[in-house]
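A short write-up of the structure that comes next.
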């Protein structure tokens, strides 16, 4: 009997001790969980993470569960602590408490601790798109400065509404084009020839949207309310459209170039082409392709064009084209402009070189005579159907004087290079827009990354490059507007001739730098395709290549200098002098000194080293672009409506950027002959290269 009582007492003590332990575990677990989740809520509130609604309420629920569990644990502890007299809690009752507590704690631990730990409750907010016009204060202020007040008022609401569409429905269409790229369908399941490019419905809707929004028509309608600045307004709207367009901006660039070519050639009323290219009617609107490049190469069209044009004996201006076009963008276009060599009907011979090339207009819908060989597999611009085409007797119309094909496409190149710059600058603007919004959402090391000075400084450097490129873009749009409305002076026309290749080469190159830096601001997510961020970088890579690489455009700058007998450089000099002579705020006086220094060094180098210009053509072109950008930033900062950021941009660009390369400042090539420097380049590049070591071609 005594032994039984002793065992019972021992059992009771053991159960009472277990009850106390379980109670304390419950109490401490509930308390720590409550404190942890309360701290999380406090942190989210302090950094204004208002978008983490689900996580916020999850923490509240966990706190409530913890408080309830604390309330359950306290009676257990009280009951166990009062067990000074045996029998207060029977062994059976203690056992029940232990069983219930163990089961409850297991459920509590599973709900509050184990289950969330599998994936975690944190979800990072994605960067948000903003109204592209309302969020671009620099675009708004530049248009307000340049346009007459009535013209700005007339287009402001249109641009604002379009900016909202660009961030919503147009962006969705463009994204769908990226996810559903075009493909080539040669035949159907029953071997019936198809010979067509299949594009998604969103690509077709973007064509209709482009027509309705007047993305081409705006420049050619010359609406009186624009007061002579229709081209600048049109390019501003295309600038908003480009980063959301799913690369439909590319066929629009070529369409604009084709319309300009027909207008300059006096063919506005010839047939339906010009009317359809500039129509706002989606059912009537045409796009144009650009079929220039052949297998021998890109920019050297004089040496690379082999396509032959055989005259139709029944029509003076109609020809049959035979050739292979190696890079043909927008192969789904309605028409195309292309170069070919006219075959002399009497001798059967052709003229080589530039003088043998003529410009033709081709209607694409000729399935029997146009063979789609393949679509290009590209790094980026996958939304755009770029193909290789075999022209086998295609009917085409001669629209230039024989042998004047290259001269006839100069106006087209001016337009497409302007569009290329639009794509470059707008890509910079898009990545900066997303990065600055993301900096308001991403927390690292206990605070928003926008509160880390180094991160904001990096974004500021990106913004500075974007502003410099944008200033050149807006200036080109302004000058082209003046030229098209007939009010441009000869000096302004010369400056435009110099500016367009500078604009294209500089913005294309800097775009890659800025967008690549922008991807880093998202960390690993910037590298993930399903975020929609890497496509900005992949598509941007085409801008330094299309319509002339950086070196080709640098040489084009020298050609402009030579052909104008130096007048383009005179116009450049006078444009900067006009800025220096204008009313400048005393706070920007140092900027004037720095601008004058850079301009003088450039002009001096060109005058003293004419034989070295080709070797340093790239450095020289970049120096011209950066110096002119500095002048334009200074001019904008001196405007009465400028804000602090405008002054900061001018001061930093002129005061902290190396506008000129060392080759132009120190004259590094003057210590040796140009030939010896080139020999050193050759030694550096081909050190170790031996044809005997070559094994196999790349693919």
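Values in this text are rule-based calculations from the coordinates and carry no lab data. Computed from a prediction, not measured in an experiment: that's the story for all the values here. For neighbour counting, all protein chains shown are included, and Cβ atoms are generated from backbone atoms with ideal geometry for every residue, glycine included.
Summary table
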| item | result |
| --- | --- |
| Potential extension, residue 137-residue 483 segment - 0.36 nm per residue separation minus Cα distance | 121.9 nm |
| Gyration tensor verdict on segment 288-408 (Cα atoms; rounded if a/c is under 1.5, prolate if a/b is larger than b/c, oblate otherwise) | prolate |
| Cα shape, segment 410-683, gyration tensor, a/c 1.5 rule | prolate |
| Spin-label pair residue 404/residue 223, simplified geometry with 7 Å Cα→Cβ offset, distance in nm | 3.4 nm |
| In nm, spacing of pseudo-spin labels at residue 351 and residue 545 (7 Å Cα→C-beta vector) | 3.4 nm |
| Residue exposure sequence - 575, 175 - by fewest surrounding Cβ within 10 Å | 175, 575 |
| Cβ-derived FRET efficiency at R0 35 Å, residue 395 paired with residue 190, nearest 0.05 | 0.75 |
| Exposure proxy ranking, count of Cβ atoms within 10 Å, fewest first, for 635, 547 | 635, 547 |
| Potential lengthening between residue 374 and residue 208 on full extension [0.36 nm per residue; Cα-Cα distance subtracted] | 57.1 nm |
| Estimated FRET transfer efficiency (residue 644, residue 64; beta-carbon r; R0 41 Å; 0.05) | 0.25 |
| Cα gyration tensor shape for segment 530-650, rounded if a/c is under 1.5, else prolate or oblate | oblate |
| Residue 179 paired with residue 696, simple spin-label distance in nm, labels 7 Å along Cα-to-beta-carbon | 3.8 nm |
| Linear extension gain, residue 157 paired with residue 123, 0.36 nm per residue minus alpha-carbon span | 8.6 nm |
